[in-house]
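Student: Provided herewith is a single structure, encoded as structure tokens, for subsequent inquiry.
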Amino acid sequence: MKKTILIISIITFIIMNISAQNSWGIYNNTYGIPSITPSQTIETNSYGGYEIYNNTYGIPNITPSQTINPNSYGGYDIYENTYEIPNITPASTIIPNNW
């Protein structure tokens, strides 16, 4: 029994650790203090980019609202999603500063 509980605890820890490394929470601030629950969640995708999910009561929606993919300029393109499919052209582009 103790061995089973230990194995379940280890598996739960591994799953939570993997999930934590592949996602980030975006918190709205009120007077500089972050909210208790995140308004959005960013997760890595299989294309080397990221998916942004809007949250409802701190829980990510099923489909991403935006997709961020690397571009050929060393930056990232941000695409708005329609029915989980990114639009053809990016809504915004993130480009590194050349100081």
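Student: Packing-wise, with mean Cβ within 10 Å as the measure, how do 41-48, 24-31, 73-80 rank, highest first?
Tutor: Working: 41-48: 13.1, 24-31: 11.2, 73-80: 15.4.
Final packing ranking: 73-80, 41-48, 24-31.
Student: Short version: ³J(HN,Hα) in whole Hz for each residue of segment 52-63, in order, from phi by Karplus 6.51 cos²θ - 1.76 cosθ + 1.60 (θ = phi - 60°), x for Gly and Pro, what are they?
Tutor: Each residue's phi maps through the Karplus curve to give 10, 10, 6, 10, 10, 6, x, 9, x, 5, 6, 10 Hz.
Student: Obtain the nm distance between the two label points defined at I85 and S46 by a simple spin-label model: each point lies 7 Å from its Cα along the Cα-to-C-beta direction.
Tutor: 1.8
Student: Based solely on C-alpha atoms, express the radius of gyration and the Dmax of segment 25-94 in angstrom.
Tutor: Gyration radius and largest Cα-Cα distance of segment 25-94: 13.2, 38 Å.
FYI, it's all coordinate maths here, none of it is from the lab. Keep in mind it's a predicted model, so treat the numbers as computed, not measured. Heads up, the Cβs are rebuilt from the backbone with ideal geometry, glycines too, and the neighbour counts pull from every protein chain shown.
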